[in-house]
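First the structure, in the form of structure tokens, and then the observations on it.
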Amino acid sequence: MLRTPVAGRRLEILERLKEPEIHFPGGCGTDGVGADTVAAALGVPSRVAETDLTLLAGIGLLRARRSGDRVLYRRDDMRIAEVAGMFEKGW
């Protein structure tokens, strides 16, 4: 994930989700941010944002929650810290 051409976008998503109310104004609820909001903020098609968000949720860096017909995403800071710790230890 970290060496692919899209890694920069995925890292940007993680970074922006630290403060979603600033980076996704009007599209951020207390439960998270939808793929359409992320896509608009990054200037990419919704399907691209959905793919990135699904991947990040699949590896545990984001938490996904269904709300009606949308899936909302938010950071899992505990898991992100665990992964960062593994890299620091030379994993």
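Brief remarks on what is shown
- Note on the range 73-90: residues that are more than 17 Å from Glu15 (Cβ to Cβ) and among the basic types (Lys, Arg) total 1.
- A single member of Gly60, Gly32, Gly68 is on the phi > 0 side of the Ramachandran plot and buried (at least 17 other Cβ atoms within 10 Å of the Cβ), and it is Gly32.
- Candidate set from the range 40-72 (those that are in a strand (DSSP E or B) and over 18 Å from Gly8 (Cβ atoms)); member that is farthest from the chain's Cα centre (by Cα): Ser67
- Pair list, Cβ under 6 Å, 6 or more apart: the range 49-63 residue under 15 Å from Met78 (Cβ atoms), other residue among the small types (Gly, Ala, Ser) and modelled with pLDDT of 95 or more: Ala57/Ala64
The values are calculated or read from the model by the stated rules, or taken from the named source; none is laboratory data. Keep in mind the model is a prediction, meaning the values are calculated, not measured. Quick reminder, even Gly has a Cβ in these numbers, built from the backbone with ideal geometry, and neighbours come from all protein chains shown.
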